[in-house]
Structure formats: structure tokens, C-alpha cells
Amino acid sequence: ATEALDAVLDAITKGVKKGPVALVGFGTFKPVTRKARMGRNPKTKEPVEIKASSTVRFIPSSALKSSI
């Protein structure tokens with residue numbers, strides 16, 4: 001089971017670099033780019049520039065949403 005799970009996670013990791021990865025009945029992993037923006041240091045209250053970054057967003061399928 002560990003090998004199967006590792007293989008699935010590896011495939012998702014490699015696939016999301018190229019574009020969205022959909023798992024039918026479960027959801028979609030979608031790469032997203034965040035723009036640079038201004039934030040605030042909560043301790044000092046001073047403005048801080050937050051660099052642009054890339055991340056992954058998970059969008060659950062309607063079947064998964066309705067099962068909850």
C-alpha cells in the first residue's frame with residue numbers, strides 16, 4: 001500500500017508541474033501563481049513586501065462535496 005500511495009503522490013507531483021491533475025470523483029490539483037503583494041509584519045506592524053510565488057490549489061469534486 002505504501003508503494004502504491006508513493007506512486008500516486010509522485011505522479012501528482014510531476015503532473016501538476018505541467019498543468020492541472022484531475023482525479024475523477026475526488027478533485028483537481030491546480031498550479032497557481034501568486035503575484036507579489038504588500039503585507040504587514042504582525043509584530044512590528046511595518047509593511048513588508050511578499051514575493052511572488054507558486055503553489056498548488058485543491059478543488060474538490062462535486063461527488064466529494066456531496067458526500068460530506
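How many Å² of accessible area per residue for the chain, probe 1.4 Å?
85 Å²
Calculate, in nm to one decimal, what residue 1 and residue 55 gain on full extension: separation in residues at 0.36 nm each, minus their alpha carbon distance.
Result: 16.7 nm gained on full extension.
What angle do you read, to the nearest 10 degrees and between 0 and 90, between the alpha-carbon axis of helix 2-16 and the longest principal axis of the chain?
Tilt relative to the chain: about 60 degrees.
Which ³J(HN,Hα) values, rounded to whole Hz and listed in residue order, are derived for the stretch 48-57 from phi using the Karplus coefficients 6.51, -1.76 and 1.60 in 6.51 cos²θ - 1.76 cosθ + 1.60 with θ = phi - 60°, glycine and proline given as x?
Those phi angles translate into 9, 7, 9, 5, 5, 8, 10, 8, 10, 10 Hz.
Hey, what does the equivalent ellipsoid look like for the chain, semi-axes from the Cα gyration tensor as sqrt of 5 times each eigenvalue, largest first, whole Å?
So the equivalent ellipsoid measures 32, 16, 13 Å along its semi-axes.
The values are calculated or read from the model by the stated rules, or taken from the named source; none is laboratory data. A quick note: this is a predicted structure, and the numbers were derived from the prediction, not measured. Areas reflect the complete protein model, heavy atoms only, side chains present, ligands, DNA and RNA absent. Shrake-Rupley method; radii C 1.70, N 1.55, O 1.52, S 1.80 Å.
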